[in-house]
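Step one of this worksheet: look at the structure below.
The values are calculated or read from the model by the stated rules, or taken from the named source; none is laboratory data. Owing to the predicted nature of the structure, the values given are computational and were not obtained by experimental measurement. Neighbour counts are summed over all protein chains in view; Cβ atoms, including those assigned to glycine, are modelled from backbone coordinates with ideal geometry.
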Amino acid sequence: MFTIEQIKAAHNNLSSGADFPVYVQNLMQIGVSGYETYSVDGHTNYFGYNEFTIETDPMYEPLIVSDERNKAQFQLDLKANQEGRTDFFAFCRDCAKSGVEKWIVDMADMTCTYYDKEGDPFLKETIPTPSEDKRRSLSEVKS
């Protein structure tokens, strides 16, 4: 079973969406099978094998998630984050303003699906496998 400390260690190596594939690989190595993150306050529920779950505390004051879906703007904001032009909090603000309530990462399928407030899928993307030169040592993640 993994710990919040191990997750925080992996998250400390995540400076932007550009590092996301490595982050996912590091989480998989400590036993995370998936997670859901809420844009409203940045808290995340992590799932492991044998129904193990662990939840992080909120990371910031609550945001208002728009009732209106703006997929075109969200795709631009997502691309900016994936290119390393925004940090986690900016990405969460962008999600909220575009109507994204949460996203779910499924490690088995290597997908990340974004959902609106009604629980309807907004956008689904495949998580790329990081190239060997971009992988980080797991010793940074294990405590």
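Counting only residues that are at pLDDT below 95 and under 25 Å from Pro62 (Cα atoms), how many does the range 98-139 have?
1
Just one of Glu36, Glu55, Glu68 is at pLDDT 95 or above, more than 24 Å from Pro128 (Cα to Cα) and under 15 Å from the mean Cα position of the chain (by Cα); which is it?
Residue meeting the stated conditions: Glu55.
Taking the range 12-35 only, how many residues are crowded, with 17+ Cβ neighbours inside 10 Å and in a helix (DSSP H, G or I)?
10
Could you list, ordered by first residue, the pairs with Cβ atoms under 9 Å in which the first is in the range 117-129 and in contact (Cβ under 8 Å) with a residue 24 or more places away in the chain and the second is surrounded by fewer than 13 Cβ atoms within 10 Å (Cβ to Cβ) and in a loop (DSSP other than H, G, I, E, B), at least 6 apart or interchain?
Every condition considered, the pairs that remain are Lys117/Asp67; Ile127/Asp109.
Can you report the number of residues in the range 70-93 which are out of contact with any Ser or Thr (no Cβ under 7 Å at 6 or more places or on another chain) and either under 17 Å from Thr37 (Cα atoms) or among the aromatic types (Phe, Trp, Tyr) (or both)?
Counting residues in the range 70-93 that are out of contact with any Ser or Thr (no Cβ under 7 Å at 6 or more places or on another chain) and either under 17 Å from Thr37 (Cα atoms) or among the aromatic types (Phe, Trp, Tyr) (or both) gives 7.
Can you give me the number of residues within the range 94-121 that are more than 15 Å from the chain's Cα centre (by Cα) and assigned to a strand (DSSP E or B)?
Of the residues in that region, 1 qualify.
What pairs come up if the first residue lies in the range 23-46 and is over 28 Å from Glu61 (Cβ atoms), the second is part of a strand (DSSP E or B) and not aromatic (Phe, Trp, Tyr), and their beta carbons are under 6 Å apart, counting only those six or more places apart or on different chains?
Gly31/Gly48; Ser33/Gly48
Pull up the range 39-52, narrow it to residues that are small (Gly, Ala, Ser) and within 12 Å of the chain's Cα centre (by Cα), then point me to the one that is surrounded by the most Cβ atoms within 10 Å (Cβ to Cβ).
Ser39
Look through the range 110-124, keep the residues that are out of contact with any Phe, Trp or Tyr (no Cβ under 8 Å at 6 or more places or on another chain) and under 20 Å from Leu27 (Cα atoms), and return whichever of them is surrounded by the fewest Cβ atoms within 10 Å (Cβ to Cβ).
Thr111
Pull up the range 61-91, narrow it to residues that are among the small types (Gly, Ala, Ser) and in a helix (DSSP H, G or I), then point me to the one that is farthest from Phe20 (Cα to Cα).
Ala72
With the checklist (1) crowded, with 20+ Cβ neighbours inside 10 Å; (2) closer than 30 Å to Met1 by Cβ; (3) not small (Gly, Ala, Ser) in hand, flag the one item Met107 doesn't pass.
Answer for Met107: the failing condition is (1).
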